[in-house]
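The values are calculated or read from the model by the stated rules, or taken from the named source; none is laboratory data. Here the structure is a predicted model, which means the values were calculated and not measured. A quick note on method: Cβ atoms are made from the backbone with ideal geometry, for glycine too, and the neighbour counts reach across all protein chains shown. These accessible areas exclude ligands, DNA and RNA; they are computed on the full protein's heavy atoms, side chains included. Shrake-Rupley method; radii C 1.70, N 1.55, O 1.52, S 1.80 Å.
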Amino acid sequence: MKQSLIYLLLFALGVILALFGWIPEVLLKDDISKWILYGLLFFVGIQIGSSKNMFTAVRRFGFKIVLVPVATTVGTFAGVALVSILLPGRSLSDCLSVGAGFAYYSLSSILISEFRGAELGTVALLANIMREFIVLVFTPWMVRYFGKLSPICAGGATTMDTTLPVITKYSGPDYVVVALFHGMIIDFSVPLWVSFFLTL
């Protein structure tokens, strides 16, 4: 949660500095965000490639472990499609691109801002931060009423880092490997899904 608050404060600081014209011209060029995005994708690749937990999880739980990120993806897109009906000002592809962030707000918001503008990018940032906060706050309730896999599916890409401690505490240590595997798969899928929906 502390890391998320830092991200929010940095975001707010950027908005304030830009509003008052205190940002150097070189940082306002469109190419800057594109190169930051490339850097993020590069480091995501390093993080996934250097982790041995993914292969350990597959050997331990078998093919069934793959169903968890599949359930997260299908459930997220189904929920977003329903919510998009209530948002006539936004297209289904806009809503799906926001949902495809899976709580990976730093990467998804940059991608969306690059292709659809700062307004939708801001929506993506706030929506995906809220997804992480919900897991951090409501995991005990989720586990009690919906089972031990529910905070993992709700956590999206964050289950390999920020929400892992709370998932471990309430779902149990047996679900740590599942959460790590799930987080890595969803993390990898974010740029693919977001890019796909932005091209529709």
Search result, residues across region 144-192 that are in contact with a Leu (Cβ under 8 Å, 6 or more places away or on another chain), aromatic (Phe, Trp, Tyr) and closer than 17 Å to Ser97 by Cα: none
Candidate set from region 110-140 (those that are among the charged types (D, E, K, R) and in contact with a helix residue (DSSP H, G or I) (Cβ under 7 Å, 6 or more places away or on another chain)); member that is surrounded by the most Cβ atoms within 10 Å (Cβ to Cβ): Glu132
Flag for Pro140 being modelled with pLDDT of 95 or more and not β-branched (Val, Ile, Thr): no
Criterion violated by Leu67 - all others in (1) farther than 19 Å from Leu180 by Cα; (2) of a type in the set (A, V, I, L, M); (3) out of contact with any helix residue (DSSP H, G or I) (no Cβ under 9 Å at 6 or more places or on another chain) satisfied: (1)
Boolean, Leu87 is open to solvent by 30 Å² or more (accessible area, probe 1.4 Å), among the aliphatic types (A, V, I, L, M) and either over 18 Å from Leu9 (Cβ atoms) or part of a helix (DSSP H, G or I) (or both): yes
